[in-house]
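This report concerns only the one structure given below.
Coordinate-derived values only; no laboratory data. In this text the structure is predicted, and so the values were computed from the model without any measurement. As a convention, Cβ positions derive from the backbone with ideal geometry for all residues, glycine included, and neighbour counts pool all protein chains shown.
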């Protein structure tokens, strides 16, 4: 399965140039590459849309792998106005269990499945 890497320069450039982006739908799996530095260094500078406008993120083909969780944790750390995180998964119960182990206060948005 292909993944969209949050550390991908192309994706970061698109996000940097979309300050009013309110919704992001990634059709592939998502990850934050293991050779990436800390999340704050990957998203430096943080795309303006993450701070002011990005309200909805939809992640297709979400399996709850360690790489995917790392990417979602990074997203949750910096997307200050995120209201809804939509996930497409074949194992909703296991995914909800994984999310229940996130650090307190990290998950400030609603999680739903599609």
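For the reader, a short list of remarks on this structure follows.
- The stretch between residue 78 and residue 18, if pulled fully straight at 0.36 nm per residue, gains 20.0 nm over its current Cα-Cα span.
- Scattering from the chain was approximated by placing one identical point on each alpha carbon and applying the Debye formula without solvent; log10 I(q)/I(0) at 0.21 1/Å stands at -1.27.
- Once both labels are positioned 7 Å from their Cα atoms along Cα-to-Cβ, the gap between residue 41 and residue 11 label points is 1.9 nm.
- In terms of packing, defined here as the mean over residues of other Cβ atoms within 10 angstrom, the peptides 68-76, 52-60, 13-21 line up highest first as 68-76, 52-60, 13-21.
- The simple spin-label model puts a point 7 Å past each Cα toward its Cβ; for residue 60 and residue 112 those points are separated by 1.9 nm.
- Estimated [θ] at 222 nm from DSSP helical runs (n ≥ 4, -39500 (n - 2.57)) normalised by residues in the chain, nearest 500: -8500 deg cm²/dmol
- Principal-axis tilt of helix 66-78 within the chain, Cα atoms, nearest 10 degrees: 50 degrees
- Here the relative contact order of the chain, from alpha carbon pairs under 8 Å that lie six or more residues apart, stands at 26 percent.
- Pairwise FRET efficiency - residue 97 versus residue 25, Cβ, R0 = 25 Å, nearest 0.05: 0.55
- Neighbour counting of Cβ atoms within 10 Å sorts the residues 65, 93, fewest neighbours leading, into 93, 65.
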